[in-house]
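Working notes for the structure below.
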Amino acid sequence: MANEVMMQSFEWDTDGSGDFYKKLKKDAKTLKENGIDGLWLPPMTKGGSDMDVGYGVYDLWDLGEFDQKGTIRTKYGTKEELLDAIKSLQDAGIKCYADVVLNHKGNADFTEEFKAVMVDQNNREQDVSGEMDIEAWTGFDFKGRAGKYSDMVWHYYHFSGVDYDVKSDTSAIFRILGDGKYWEEDVSGEKGNFDYLMNCDIDHDHPEVREEIFKWADWFIDETKVDGFRYDALKHISSNFIHDLSDHIINEKGEENFYLFGEFWQYNKEEIAKYLETTDYNIDLFDVPLHFHMQEASKSMGNYDMRKIFDNTIVADFPAQAVTFVDNHDSQPGQSLDSWVEDWFKEIAYAMILFRKDGYPCIFAGDYYGLIGEVKTEAKYDLINNMLKVRKNYNYGEEDNYFDDPSVIGWVRRGDEDHKPLVVLISIKDMAEKQMFVGESEAGATYVDLSGKNEDITIDENGNGVFTVGPGSVTYWANKESL
């Protein structure tokens, strides 16, 4: 992924007219020219309606092909339009990554009665009822698909939990009973056991479930020709199951030919390390700790210690496994993991993922194009495109850090035989300057602020430059002759 950048192509309120795939096809060449090398596409499978963002997944085998849940298309378009978009993006040189939702199923076709126990919502290991008969929406027969691709009918025993009893009209978390059936043990320990997240929680230990998902993964990859998977909700799914599925995919496609990464929404360093080890380091993870550090810094009124912003992050501790990001559809305002990075800090944050040596940066469509839902934000299209251009031209070589002041940090990418150095300076408080070494070979060179905020400076005879930055801002500098 040397110097490559991916973009999350959607946000929670992305237009639901059904033209999304057609727009991607139209924009493919422009996105590549702007510096996007990979695109994280939204969930492609049929949800509960034509406005389902994709996480209320109903039928994994329906990519916008069958008349189910009142619609043929998904929120984003039809299967034919999806395949056309993927081909156009790949022809333009952009890898396509599918958002894969394997934790749960929703919008069932019929109810079933079975035995369950109610559990404490804050401690799912604690039963708060005895064995009881409940009725829940756990039956999936996909009549609109009529058995094409797969004839499996899903029943209650393919799941481990639900959140609603029709019989008593009770919303609660119910653990489904059965021989040897329990919550998965190899999931997050939050809430006692965080196997259950939402809807009908899939039992990944059930042999029929395991067989079906492996079969689906093979079909899906062959059908869509995608270049990788973005796994959703990893901390709620058996890590051993994800290990086995990923191992299967890699054995089929080859490690170099299929990229696996995922959402493991976890701050704890030990839990992250354990997950990476359990999955044989085959799955890269979004750098959630770095995201939270950015959010905290953006809300600190300039009082965050920037020397520590990379402490205990994935990009610092496991650089080869880090997908760095600023925000995403879950962290945007009003969503389940709302932790939005304040607007004034965005350019700083993008500098910290685009102008560093390590990490696979992920741009968010909600920043690139602006949020369009109830909370609206201005597009940073031109700003990010300029930063992408800077990354492509200058983000090379070794990295010298100048993390010697709590509110003013900087670093130098030293460049290589074909690329001149890049200098980055950040202040979250007052206007500041910092002397940084760019190399004796740069003595006498004029350096220009590529962010457009400052006058040019001259590198002294020892290879040092005194670089400046305004309050709450970032500047990035390169040799003027290299432009």
Sort out for me the strands (runs of 3 or more DSSP E) sitting completely within region 66-182 that have 3 or more residues that are modelled with pLDDT of 95 or more, within 18 Å of Pro43 (Cβ to Cβ) and not aromatic (Phe, Trp, Tyr). 95-100
Total residues in region 69-126, condition within 27 Å of Phe140 (Cα to Cα), in contact with a helix residue (DSSP H, G or I) (Cβ under 7 Å, 6 or more places away or on another chain) and hydroxyl-bearing (Ser, Thr, Tyr): 1
Quick one: which helices (runs of 4 or more DSSP H) lie wholly within region 259-336 and hold at least 3 residues that are over 20 Å from Tyr350 (Cα atoms)? 269-278
When region 216-251 is examined, which residues are found to be buried (at least 17 other Cβ atoms within 10 Å of the Cβ), closer than 25 Å to Val187 by Cβ and among the polar types (S, T, N, Q)? Ser238, Ser239, Ser246
Residue list for region 7-29, filter: under 12 Å from Leu89 (Cα atoms) and open to solvent by 60 Å² or more (accessible area, probe 1.4 Å): Lys22, Lys23, Lys25, Lys26, Lys29
Residue list for region 286-300, filter: more than 11 Å from Trp340 (Cβ to Cβ) and in contact with a helix residue (DSSP H, G or I) (Cβ under 9 Å, 6 or more places away or on another chain): Phe286, Asp287, Val288, Pro289, Leu290, His293, Ala297
Does region 192-209 include one or more residues that are modelled with pLDDT of 95 or more, under 13 Å from Leu245 (Cα atoms), within 21 Å of the chain's Cα centre (by Cα) and part of a helix (DSSP H, G or I)? no
If we keep just the residues of region 357-400 that are among the basic types (Lys, Arg) and assigned to a loop (DSSP other than H, G, I, E, B), which is nearest to Leu425 (Cα to Cα)? Lys357
Could you identify the single residue in Ala316, Ala379 that is within 19 Å of Phe286 (Cβ to Cβ) and of a type in the set (Gly, Ala, Ser)? Ala316
Pick from region 210-235, criterion touching a strand residue (DSSP E or B) at 6+ places or on another chain (Cβ under 6 Å) and of a type in the set (A, V, I, L, M, F, W, C), ranking: nearest to Tyr196 (Cα to Cα): Leu234
Tell me which of these Trp344 doesn't satisfy, since it passes every other one: (1) open to solvent by 40 Å² or more (accessible area, probe 1.4 Å); (2) in a helix (DSSP H, G or I); (3) free of Cβ contacts under 8 Å to residues at least 60 places away in the same chain; (4) among the hydrophobic types (A, V, I, L, M, F, W, C). (3)
Go through region 436-467 residue by residue and tally those that are under 14 Å from Val424 (Cβ atoms), open to solvent by 40 Å² or more (accessible area, probe 1.4 Å) and part of a strand (DSSP E or B). 1
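Residue-by-condition table, conditions (1) among the aliphatic types (A, V, I, L, M); (2) touching a His at 6+ places or on another chain (Cβ under 9 Å):
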| residue | (1), (2) |
| --- | --- |
| Glu208 | no, yes |
| Trp216 | no, no |
| Phe220 | no, no |
| Thr224 | no, no |
| Arg230 | no, no |
| Lys235 | no, no |
| Ile242 | yes, yes |
Name every residue in region 107-127 that is surrounded by 14 or more Cβ atoms within 10 Å (Cβ to Cβ) and of a type in the set (A, V, I, L, M, F, W, C), in order of residue number. Ala108, Phe114, Ala116, Val117, Met118, Val119
Please verify whether Lys420 is surrounded by 20 or more Cβ atoms within 10 Å (Cβ to Cβ), touching a Ser or Thr at 6+ places or on another chain (Cβ under 7 Å), more than 24 Å from Trp344 (Cα to Cα) and not aliphatic (A, V, I, L, M), treating the condition exactly as stated. yes
Answer yes if at least one residue in region 83-96 is over 23 Å from the mean Cα position of the chain (by Cα), surrounded by fewer than 23 Cβ atoms within 10 Å (Cβ to Cβ) and farther than 21 Å from Gln8 by Cα, and no otherwise. no
Just to be sure, is Tyr381 touching a residue at least 24 places away in the same chain (Cβ under 8 Å) and of a type outside the set (A, V, I, L, M)? no
Checking Arg175 against (1) over 16 Å from Gly106 (Cβ atoms); (2) open to solvent by 40 Å² or more (accessible area, probe 1.4 Å); (3) touching a strand residue (DSSP E or B) at 6+ places or on another chain (Cβ under 9 Å), the condition it does not meet: (2)
Just for region 362-381: of the residues that are farther than 15 Å from Ile348 by Cα and acidic (Asp, Glu), which one is surrounded by the fewest Cβ atoms within 10 Å (Cβ to Cβ)? Glu374
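Tell me, yes or no, whether region 287-308 has at least one residue that is under 23 Å from Leu260 (Cβ atoms), acidic (Asp, Glu) and in contact (Cβ under 8 Å) with a residue 24 or more places away in the chain.
Within region 287-308 (the criterion being under 23 Å from Leu260 (Cβ atoms), acidic (Asp, Glu) and in contact (Cβ under 8 Å) with a residue 24 or more places away in the chain), the answer is yes, since at least one residue qualifies.
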Filter region 395-412 for residues that are open to solvent by less than 10 Å² (accessible area, probe 1.4 Å) and either at pLDDT below 95 or not aliphatic (A, V, I, L, M) (or both); which is farthest from Arg356 (Cα to Cα)? Gly410
Hits in region 252-273 (condition: farther than 23 Å from Gln8 by Cβ and either surrounded by fewer than 13 Cβ atoms within 10 Å (Cβ to Cβ) or within 20 Å of the chain's Cα centre (by Cα) (or both)): Gly254, Glu255, Glu256, Asn268, Lys269, Glu270, Glu271, Ala273
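The values are calculated or read from the model by the stated rules, or taken from the named source; none is laboratory data. Small disclaimer: the values here were computed from a predicted structure and weren't measured. We place every Cβ from the backbone using ideal geometry, glycine too, and count neighbours over all the protein chains shown. Note: areas computed on protein heavy atoms with side chains; ligands, DNA, RNA excluded. Shrake-Rupley method; radii C 1.70, N 1.55, O 1.52, S 1.80 Å.
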